[in-house]
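Novice: One structure is given below, represented as structure tokens, and several questions about it will come after.
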Amino acid sequence: MISADYSRLSAGFQKIARFFTQNPNVIALESISAIARQCGVHPSSLVRFAQSFGFSGFKPLQAVFQTRLSTAAPGFRDRIHALENELSQNTDSGNIGYLKAIVVRDMAALQHLLDNTLEDQLSMAAKLLAEADTIYVAGHLGAEPVGVLLRYLMTMLKRRVVLLDPADGLATEMARTMRQSDILVAISFRHYAKEVVMIVDNATEASVNVIAITDSQLSPIAKGAKVLFTIPEEEYSFSRSRAAAMCLVQALAVATAAMLQPTRTDAPRIPTVSEIEQTRSKRKA
């Protein structure tokens, strides 16, 4: 329900919605005051949020999250708290404290990625990447390094790749050349790059399959994605690392390599630039 109605919500309710979907165990276990404090809103906002979805108040909505708790994996914020406790012997002050905070968030995101990524998702994404005529990659702002890594890996697998670079201002126009036989890999996190959202919308209208890598099912690039990978993050952090996204891209590349190399009996291979150059030199010799 939250995903379906997200676009119609106010900015304040969208903020609450993101917190609810990324931290379900917090909603199930903590008081309305504690939840409101973590959301950065007044408790009455949570009551109005629940009522906007047809509940009489916050408690009935909380009961939905309490019901799923018995079978659900720990939420993202729960993992962070657990890891902070586990690493409590480390100092929390100075530059090492900053490093610890970044590592804890990355470990939580990586664990979430491992727990929530399915074999079917990886297989479908690898099939799309292996069979597409051209792979278009859109990853702007903080997601740009992830897109660059994907372009490198797919190029090493001899796939035709177009990086929709925003630098020259032609990314959206280049994206309009996509055909139904192509694939778009869109990578965007809060706050979502407008160009990437536009590119995804255009791809969906043109019936181009989309692999989306983002932070939530509520992301504007998630709707209509053929394959959706979600990597949660805290509502705000200057040091938003992309370790989990980089790991996912590497896994996608290996899965694609395995599909392109069905006769290999050992692990799939992704050659490096130096290996390719050495092979060319040997052939010339």
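The values are calculated or read from the model by the stated rules, or taken from the named source; none is laboratory data. These numbers come from a predicted model, not from an experiment. Cβ coordinates were reconstructed from backbone atoms using ideal geometry, including for glycine residues, and neighbour counts include every protein chain displayed.
Novice: Does the stretch 202-214 contain at least one residue that is within 21 Å of ASP115 (Cβ to Cβ), touching a Ser or Thr at 6+ places or on another chain (Cβ under 6 Å) and in the same structural domain as LEU129 (by TED's automatic domain parsing)?
Specialist: Yes: the stretch 202-214 contains one or more residues that are within 21 Å of ASP115 (Cβ to Cβ), touching a Ser or Thr at 6+ places or on another chain (Cβ under 6 Å) and in the same structural domain as LEU129 (by TED's automatic domain parsing).
Novice: Any idea how many residues of the stretch 115-127 are in contact (Cβ under 8 Å) with a residue 24 or more places away in the chain, more than 14 Å from ALA257 (Cβ to Cβ) and of a type outside the set (D, E, K, R)?
Specialist: 4
Novice: Give the number of residues within the stretch 179-199 that are out of contact with any strand residue (DSSP E or B) (no Cβ under 7 Å at 6 or more places or on another chain) and of a type outside the set (Phe, Trp, Tyr).
Specialist: Within the stretch 179-199, residues that are out of contact with any strand residue (DSSP E or B) (no Cβ under 7 Å at 6 or more places or on another chain) and of a type outside the set (Phe, Trp, Tyr) number 10.
Novice: Restricting to the stretch 143-201, what's the tally of residues that are part of a loop (DSSP other than H, G, I, E, B) and of a type in the set (Val, Ile, Thr)?
Specialist: Summing the residues that are part of a loop (DSSP other than H, G, I, E, B) and of a type in the set (Val, Ile, Thr) in the stretch 143-201 gives 1.
Novice: For the condition without any contact (Cβ under 8 Å) to a residue 24 or more places away in the chain, part of a helix (DSSP H, G or I) and of a type outside the set (A, V, I, L, M), what is the one hit in LYS223, LYS282?
Specialist: LYS282
Novice: Among LEU260, LEU252, LEU218, LEU248, which is over 22 Å from VAL104 (Cβ atoms), under 17 Å from the mean Cα position of the chain (by Cα), at pLDDT 85 or above and surrounded by 15 or more Cβ atoms within 10 Å (Cβ to Cβ)?
Specialist: Within the list LEU260, LEU252, LEU218, LEU248, the selection yields LEU252.
Novice: Of the numbered conditions (1) more than 21 Å from ARG190 (Cβ to Cβ); (2) surrounded by 15 or more Cβ atoms within 10 Å (Cβ to Cβ); (3) not basic (Lys, Arg), GLY57 satisfies every one except a single condition; which is it?
Specialist: It fails just one condition, (2).
Novice: Mind counting the residues in the stretch 197-219 that are in contact (Cβ under 8 Å) with a residue 12 or more places away in the chain and of a type in the set (Asp, Glu)?
Specialist: Here the count works out to 1.
Novice: Something else: With respect to the numbered conditions (1) modelled with pLDDT under 90; (2) in a helix (DSSP H, G or I), which one is the sole condition not fulfilled by ARG37?
Specialist: (1)
Novice: Which helices (runs of 4 or more DSSP H) does the stretch 45-142 wholly contain that include 3 or more residues that are modelled with pLDDT of 90 or more?
Specialist: Filter on the stretch 45-142 gives 58-69, 119-131.
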